[in-house]
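*Asks:* Next up is a structure, given as structure tokens.
The values are calculated or read from the model by the stated rules, or taken from the named source; none is laboratory data. These figures come from a predicted structure and were not determined experimentally. When we count neighbours, we look across all protein chains shown, and the Cβ atoms used for this are built from the backbone with ideal geometry, even at glycine.
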Amino acid sequence: MCVGWIKLIRGVAVLNLKQGLKMKNINLIFRRTHLYLGMFLVPWIFIYAFSTFMLNHGPTFRKLRPGPDAWIQLWKKDYSIDLPESQEELREWAGAVLEENGYGGLQFGVQRNSERALINSVRFLKHIRVTYRLAEKKLFAERRESSWVETFLRLHFRHGYGQGNVMQFTWGLIVDVVCVSFLVWIVTGLYLWWKIPHTRNWGWVAIGAGTISFFGLLLVF
């Protein structure tokens, strides 16, 4: 009889030990995931936080940007073509011009009016534009002066998909990974907060303050 009770107690103890170890392993996975995701997100949080701060203080940082005429001419050449009318054909033409002049594979936009066609290729560290002036029948390439302010803003607004370019697709994919990482980081943080009972009250205060401030501003503005 005593032997049976001893075996039962031992079995319960072993079961509790296994469950405790399992819970510790789960907690460890959440802690490590939260820790390393936070380290991975450091540059991305900094980029988006600082660039948003710059946008919020636009007049101050606008003074640090180069002026509208801060363009350096790279080359000009004779060029003659009847520009296509449709936007699709105009984009094909612009892509061919960039390719022929060593700027192939870049993200770009193109627009035209009665006087010129303008091709803009905005990169993080360089902004290239190629202008075709119809009256002069000349093609001009210019590079905008470097500016760390504009680089941060380009990082903030850059999107990747739908550009027809492998590098742009890769950028979009990386941004998707970062967005998912943000969500996982939030979930693991909430889990770890809930597992520490003495932090729950202040945690509710923090969540409430963030929620009220966000939705309050949303309703006001």
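*Asks:* Out of region 144-161, which residues are surrounded by 15 or more Cβ atoms within 10 Å (Cβ to Cβ) and hydroxyl-bearing (Ser, Thr, Tyr)?
*Replies:* Listed by number, the residues that qualify are SER147, THR151.
*Asks:* ARG91 - would you say it is of a type in the set (D, E, K, R) and under 17 Å from TRP71 (Cβ atoms)? Even if it seems obvious, please write down each step before you answer.
*Replies:* Values: of a type in the set (D, E, K, R): yes; under 17 Å from TRP71 (Cβ atoms): no.
No: the conditions fail for ARG91.
*Asks:* Something else: Exactly one of these conditions fails for LEU190: (1) surrounded by 12 or more Cβ atoms within 10 Å (Cβ to Cβ); (2) in the same structural domain as ASN27 (by TED's automatic domain parsing); (3) at pLDDT below 90. Give me its number.
*Replies:* (3)
*Asks:* Looking at ARG143, is it basic (Lys, Arg), touching a residue at least 60 places away in the same chain (Cβ under 8 Å) and over 19 Å from LEU90 (Cα atoms)?
*Replies:* Yes.
*Asks:* Determine which member of the set LEU155, LEU139 is over 18 Å from ILE72 (Cβ atoms) and either hydrophobic (A, V, I, L, M, F, W, C) or in the same structural domain as TYR48 (by TED's automatic domain parsing) (or both).
*Replies:* Residue meeting the stated conditions: LEU155.
*Asks:* In addition: Taking the residues in region 115-136 that are within 18 Å of TYR79 (Cα to Cα) and small (Gly, Ala, Ser) as candidates, determine which candidate is modelled with the highest pLDDT.
*Replies:* Ranking the candidates gives ALA117 first.
*Asks:* Testing SER121 on (1) within 23 Å of TYR161 (Cβ to Cβ); (2) surrounded by fewer than 17 Cβ atoms within 10 Å (Cβ to Cβ), one condition comes back false. Which one is that?
*Replies:* With respect to (1) within 23 Å of TYR161 (Cβ to Cβ); (2) surrounded by fewer than 17 Cβ atoms within 10 Å (Cβ to Cβ), SER121 is out only on (2).
*Asks:* Could you count how many residues in region 195-218 are closer than 30 Å to ASN25 by Cβ and either surrounded by 10 or more Cβ atoms within 10 Å (Cβ to Cβ) or of a type in the set (D, E, K, R) (or both)? Spell out the reasoning first.
*Replies:* Taking region 195-218 and keeping what is closer than 30 Å to ASN25 by Cβ, we get 195-204, 206-207.
Within this subset, residues satisfying the condition of being either surrounded by 10 or more Cβ atoms within 10 Å (Cβ to Cβ) or of a type in the set (D, E, K, R) (or both) are 195, 199-200, 202-204, 206-207.
Qualifying residue count, region 195-218: 8.
*Asks:* Do we find a residue being more than 22 Å from ARG158 (Cα to Cα), modelled with pLDDT of 85 or more and among the aliphatic types (A, V, I, L, M) anywhere in region 39-54?
*Replies:* For region 39-54, residues more than 22 Å from ARG158 (Cα to Cα), modelled with pLDDT of 85 or more and among the aliphatic types (A, V, I, L, M): present.
Residues are listed down the side, and each one gets a yes or a no for (1) over 28 Å from the mean Cα position of the chain (by Cα); (2) farther than 21 Å from ALA135 by Cβ; (3) of a type in the set (Phe, Trp, Tyr); (4) modelled with pLDDT of 90 or more:
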| position | (1), (2), (3), (4) |
| --- | --- |
| LEU64 | no, yes, no, no |
| GLY67 | no, yes, no, no |
| GLN73 | yes, no, no, yes |
| GLU88 | no, yes, no, no |
| ALA96 | yes, yes, no, no |
| TYR103 | no, yes, yes, no |
| ARG112 | yes, no, no, no |
